[in-house]
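Quick notes on the structure that follows.
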Amino acid sequence: MEVMQILHMNKGVGETSYAQNSKLQSKIISITKPIIHDAVQEILHSNNIESMGIADLGCSSGPNTLLLISEIIDAIIRTKSCSLSLHLSATTELRVFLNDLFSNDFNNIFMSLPAFYNKLKQEKGPELGSLFISATPGSFYGRLFPARSLHFVHSSSSLHWLSQVPPGLDSKAAGEALNKGKIYISKTSPQCVLDSYALQFHNDFSLFLKSRAEEMFGGGRMVLSLMGRPSYDPTTPASCYQWELLAHALMTLVSEGLIAEEKVDSFNAPYYAPCEEELSLALKKEGSFLMDSLEAFEIDWDGGGGDQELHHTFDMVGSGQKVAKTVRAVVESMLESHFGKDIMDHLFQCYAKLVSNHLSKSRTRYINLVLVIIKKD
């Protein structure tokens, strides 16, 4: 699978679009809001900045894309109002770079900019200052920006996507696929599959850090939010069970004769949910950044609050459908490329039922890791 050419969130504003099914990602951004505010304020207090370079890596499209910009502007205005420091008042220019893969729906973002600019002017008035928004398509697993051009880097719900499927997973031992009947790490996966995924993530994240180290000013900060897991064991339900259920749905279609089992065996998701220790190790080994904080948050699969208790059949069905739509908006491009478009509706109907059944028995939640790091001088 050529991840860089295939992976993108569902485009447009239709029923299965990412724009209509990204409540989970919005919830994650809302959780990190105070963390983003603190990071921006620390940058402004520590640096004399006249033109602030900001990058949102893996910005996607839809309502969440421009939400970050609003949060940063709020943090800057709040910092100015609470400080008499002269160099803060000089920060009147913001350079915001929106990044995602080339197949991202950038046109959707561009079409929403005029209304976004007008809303900001009405709400912020002269305090807004100069704001320049541009797109920088390409993979963040490599250089994207000129040296020493960024002060703040943000990435949400993106770094768990790998640059490629781990090499070797298509190899066969004893005539059978290495990860037979599965599309990601599971309890039945052999150790070599777990090791391949862990190594691919380490290599990708290290390259990400190395690339950003060249692009950022000393004292700049990154706030990185990604799916993770609560322990060193990569087969915990919090990190892989959503993929387990999707594999189950695919195998249901195999039993119905709609797809070949070999197609399932040859599909492996370019995804990895790391633990805190893996992030810390990669950060220390790369050496260009200092860790400021690392926190873990639990989030319901459907993007609801952590205190929700859905026990009724109606609620379970609705929650399962919501989860299925959220997952479909994210992974359909990869599945469609491998299995074909015709089975997608039926596949996610099966998936919704499996999720509903699971949530009626166990309230499994995602683990979201939020890492704040500081570029060394």
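The values are calculated or read from the model by the stated rules, or taken from the named source; none is laboratory data. Because the structure is predicted, anything quoted here is derived from the model rather than measured. Here Cβ is always computed from backbone atoms with ideal geometry, including for glycine, and neighbour counts include all displayed protein chains. Ligands, DNA and RNA are excluded from the accessible area calculation, which covers all protein heavy atoms including side chains. Shrake-Rupley method; radii C 1.70, N 1.55, O 1.52, S 1.80 Å.
General observations
- Conditions (1) closer than 17 Å to His338 by Cα; (2) in contact (Cβ under 8 Å) with a residue 40 or more places away in the chain; (3) outside any helix (DSSP H, G or I); number of the one not met by Gly257: (2)
- Among the criteria (1) in contact with a helix residue (DSSP H, G or I) (Cβ under 7 Å, 6 or more places away or on another chain); (2) not in a strand (DSSP E or B), the one Asp233 does not fulfil is (1).
- Qualifying position, being crowded, with 19+ Cβ neighbours inside 10 Å, within 19 Å of the chain's Cα centre (by Cα) and either without any contact (Cβ under 8 Å) to a residue 24 or more places away in the chain or closer than 30 Å to Ser319 by Cα (or both), among Ala296, Ala269: Ala269
- Qualifying residue in the stretch 54-65 (condition: more than 16 Å from the chain's Cα centre (by Cα) and closer than 30 Å to Met227 by Cα): yes
- Considering the stretch 318-372, the residues that are outside any helix (DSSP H, G or I) and of a type in the set (Lys, Arg) include one that is farthest from Asn64 (Cα to Cα), namely Lys361.
- Some residue of the stretch 61-83 being closer than 17 Å to Phe140 by Cα and either in contact with a strand residue (DSSP E or B) (Cβ under 7 Å, 6 or more places away or on another chain) or crowded, with 17+ Cβ neighbours inside 10 Å (or both): yes
- The lone exception for Lys341 - which of (1) open to solvent by 40 Å² or more (accessible area, probe 1.4 Å); (2) touching a residue at least 12 places away in the same chain (Cβ under 8 Å); (3) among the basic types (Lys, Arg) it fails: (2)
- Selection of first residues in the stretch 102-117 that are in contact (Cβ under 8 Å) with a residue 60 or more places away in the chain and of second residues that are open to solvent by less than 20 Å² (accessible area, probe 1.4 Å) and assigned to a helix (DSSP H, G or I), restricted to Cβ pairs under 9 Å at least 6 apart or on distinct chains, gives the following pairs, ordered by first then second residue: Ser103/Ser333.
- Members of the stretch 190-200 that are out of contact with any helix residue (DSSP H, G or I) (no Cβ under 9 Å at 6 or more places or on another chain) and open to solvent by 10 Å² or more (accessible area, probe 1.4 Å): Pro190, Gln191, Cys192, Leu194, Asp195, Ser196, Leu199, Gln200
- If you filter the stretch 96-127 down to residues that are closer than 20 Å to Met52 by Cα and touching a strand residue (DSSP E or B) at 6+ places or on another chain (Cβ under 9 Å), you find that the one that is surrounded by the fewest Cβ atoms within 10 Å (Cβ to Cβ) is Leu113.
- Residue within the stretch 16-34 that is open to solvent by 20 Å² or more (accessible area, probe 1.4 Å), under 24 Å from Ser130 (Cα atoms) and modelled with pLDDT of 90 or more present: yes
- Criterion violated by Glu278 - all others in (1) in a helix (DSSP H, G or I); (2) open to solvent by 60 Å² or more (accessible area, probe 1.4 Å) satisfied: (2)
- Near pairs, Cβ below 8 angstrom, 6+ apart or cross-chain, from the stretch 201-228 (open to solvent by 20 Å² or more (accessible area, probe 1.4 Å)) to any residue that is aromatic (Phe, Trp, Tyr): Leu207/Tyr141; Arg221/Phe152
- Residue match in the stretch 148-164 (condition: open to solvent by 50 Å² or more (accessible area, probe 1.4 Å) and closer than 24 Å to Ile43 by Cα): yes
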